[in-house]
Amino acid sequence: MSAQPIPPADGATDPPVTDTERVLAVIWSEVLQVPHVGVEQNFFDLGGHSVLLHMVHDRIVARLGMDPPLIELFQYPTVRGLAAYLDGNAPGAEPSVGRGEVLRTDGRARLAGRRDGRIRRPTLFGEGDHNE
């Protein structure tokens, strides 16, 4: 008697539709070390946790050239939801492309302004830091 294959869990057979979904499904499959990931399966239900989510984030940056805030990966725990967010199609979400870079750039500009003396650091008493 031959063994019958175990059917995949609900959502595991949903095929990726967009290019972003396909890339995310591959990333999740690699990180979670599972053969297939359905686009409606929850990352955390598949054994994912916060450390693995950091690995997913790094691969998204490397493969898709997008740098979404890590919190968004928690808020969109399915391939389909995260892909919609990254593509700017999630309800109420803005596209995340470059958003992290904008935040870093703004921070760098503030830091450079401090170095140049254009922006004064507040002191304990609320006065600017004077280097005179």
Residue hits (region 27-48; without any contact (Cβ under 8 Å) to a residue 24 or more places away in the chain and either more than 17 Å from TYR76 (Cα to Cα) or among the hydroxyl-bearing types (Ser, Thr, Tyr) (or both)) are SER29, GLN33, VAL34, PRO35
So the helices (runs of 4 or more DSSP H) completely within region 1-111 holding 2 or more residues that are of a type in the set (Val, Ile, Thr) and modelled with pLDDT of 80 or more are 19-32, 50-64
Using the structure shown, decide if ARG115 is open to solvent by less than 100 Å² (accessible area, probe 1.4 Å), modelled with pLDDT under 95, over 25 Å from ASP14 (Cβ atoms) and among the basic types (Lys, Arg).
no
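The values are calculated or read from the model by the stated rules, or taken from the named source; none is laboratory data. Remember, it's a predicted structure, so these values are computed and weren't measured experimentally. Cβ atoms come from the backbone with ideal geometry, glycine included; neighbour counts cover every protein chain shown. The area values use the complete protein model at the heavy-atom level, side chains included, leaving out ligands, DNA and RNA. Shrake-Rupley method; radii C 1.70, N 1.55, O 1.52, S 1.80 Å.
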